[in-house]
Amino acid sequence: MVSGAVNTDVFVAGCGPAGLAAAIAARLKGLAVAAADSARPPIDKACGEGLMPEGVAALEQLGIPIASADSFPLRGIRFTGCGASVRAPFPQGCGFGVRRTTLHRILTERAAELGVSIFWGARVQGSASGAISIDGRPVRTQWIVGADGQNSQMRRWAGLELRRQPRRRFGFRRHFHIKSWTDDVEVLWGERCQIFVAPVTSGEVCAALISRHRHVRLIEELSFFPELADRLRNARPALSERGALTVNRRLRKVTRGRTALVGDASGSVDAVTGLGLSLAFQQAICLAEALAKDDLAIYQVAHRRISRIPAFMARLMLHMDKSASIRRRALQGLAAEPLIFSRLLALHVGALPPSAFEARSVLSLGWRLLRA
């Protein structure tokens, strides 16, 4: 139970990875930070557990290196489906497969090290007037950060909610004890789903399924992916299956008054992109810059810039999910032109600006799609 009023420069509602990253970034700017979450650590969530290179770079800016004992290095991405397979290496650095609970522990330890005051198992209450309380005790703060996920109450209290509901998809994750056979994030495209496979340690693999159909499950769907089924045949499942919703949501504004949203509370890209955590960590750094300069307009501009390419890539891949014809043509076209896939990956992870994606690459892929 919190006793007395909480006085701070920045209050963060939600202590998942996005909220902890925002708290850490603000502390690094010299601001006093308090944060609260109704859950208790470690906080888990169904996700593919692959952290892209730009997410790794953002964590390093926050003083959080990923130790080899806690993770598995990822060198690239492979798409497989419709009789085609294409791979591209990450153009700069590497990503990491890391268990969500492990990542949460690392972030929690860094926040504590920097002096963030965290209230676990605490109920946060807000209002449209901007009043905030923790377990009924008032919070006196200059800035409020909403990091309370897809179903954000802070977003609703701040009046930033969109009336139109985004289209939802369903994700399910399971771990398997097995020696890794790859150092890529493998994305397997099927008729009803995509399956993501990423090693999270040398002896453990995360497999995550994403589908438009709520009743599709990983184990049953493996029969449509015989190569993966064969690899996992004798692997021991580490944990029971865990599920979550994934949505593609883009808000018109992510700030109002003294409130700013970060992570999934500020909008999200479908999990097919693998960029949720990377976006959240980049947003946290930009938000801290804006708070230090006493100007949330800076964050609004930065958030829009950070989200633009991932939102485009999400729409592109969701079209592949909905249309068997587009999926087949895209995968076979990319397999025939692997350099285009490499450039798309560079664009996807922020290593290549849109202006550098050559017109001839677009025309070449378009021609392949027409001919496939």
Margin query: What do you get for the angle between helix 324-336 and the principal long axis of the chain? Use alpha-carbon atoms, 0 to 90 degrees, nearest ten.
Written below: 80
Notebook entry, point to check: Going from the alpha-carbon gyration tensor of region 1-115, what semi-axes, largest first and in whole Å, does one get by taking the root of 5 times each eigenvalue?
Noted result: 33, 15, 12
Check: What's the angle, to the nearest 10 degrees (0 to 90), between helix 338-348's Cα axis and the longest principal axis of the chain?
Finding: 10
Item checked: In nm, spacing of pseudo-spin labels at Ser325 and Asp295 (7 Å Cα→C-beta vector) -> 5.0
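Mean residue ellipticity at 222 nm from the helices of the chain, using -39,500 (n - 2.57) per DSSP H segment of n ≥ 4 over the full residue count, to the nearest 500 deg cm²/dmol?
Working: 11 runs with 133 residues, N = 372.
The helix-only estimate for the chain comes to -11000 deg cm²/dmol at 222 nm.
With r defined as the distance between the Cβ atoms of Ser240 and Leu339 and R0 fixed at 30 Å, what FRET efficiency is calculated, to the nearest 0.05? Write down the numbers at each step before the final one.
Details: r = 42 Å, r/R0 = 1.39.
That gives a FRET efficiency of 0.10.
Could you calculate the contour length gain from Arg167 to Glu113, that is, 0.36 nm times the residue separation minus the distance between their Cα atoms, to one decimal place in nm? Each step should come with its number before you reach the end.
On the way: separation 54, 0.36 × 54 = 19.44 nm, distance 3.94 nm.
Length gained between Arg167 and Glu113: 15.5 nm.
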Notebook entry, point to check: Excluding ligands and nucleic acids, what accessible area in Å² is computed for Ile285 using a 1.4 Å probe, to the nearest 10?
Noted result: 30
Next item on the list: Please give, to one decimal in nm, the separation of the simple spin-label points placed at Asp44 and Arg192, each 7 Å out from Cα toward the Cβ.
Entry: 2.5
Notebook entry, point to check: Taking the Cα centre of each part, how many Å lie between region 64-109 and region 13-58?
Noted result: 18
Next item on the list: Sequence neighbours fewer than 8 away in the same chain don't count; with that in mind, list the lysines whose C-alpha is under 27 Å from Lys253.
Entry: Lys29, Lys45, Lys293
Notebook entry, point to check: Tilt of helix 100-114 relative to the longest C-alpha principal axis of the chain, in degrees (0 to 90, nearest 10)?
Noted result: 30
Check: Quick one: net charge of His215's neighbours, Cβ under 12 Å, K/R +1, D/E -1?
Finding: +2
Next item on the list: Would you kindly find the accessible area of Leu228, with a 1.4 Å probe and non-protein molecules such as ligands, DNA and RNA excluded, rounding to the nearest 10 Å²?
Entry: 10
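Applying a 10 Å radius around every beta-carbon, put 262-270, 199-207 in order of their mean neighbour count, most first. Walk me through the intermediate numbers first.
Details: 262-270: 27.8, 199-207: 21.7.
Per-residue mean Cβ counts within 10 Å order the peptides as 262-270, 199-207.
Sorted by accessible area with a 1.4 angstrom probe, largest first, how do Ser129, Ser211, Ser117 fall? List each step's numbers first, then the result.
Numbers: Ser129 100, Ser211 0, Ser117 55 Å².
Largest accessible area first, the residues go Ser129, Ser117, Ser211.
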Next item on the list: Could you compute the FRET efficiency for Arg304 and Arg105, with r as their C-beta to C-beta distance and R0 at 35 Å, rounded to 0.05?
Entry: 0.65
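The values are calculated or read from the model by the stated rules, or taken from the named source; none is laboratory data. Values in this document were obtained by computation on a predicted structure and should not be read as measured data. Ideal geometry is used to build each Cβ from the backbone, glycine not excepted, and the neighbour counts take in all protein chains shown. For accessibility, only protein heavy atoms count, side chains too; no ligands or nucleic acids. Shrake-Rupley method; radii C 1.70, N 1.55, O 1.52, S 1.80 Å.
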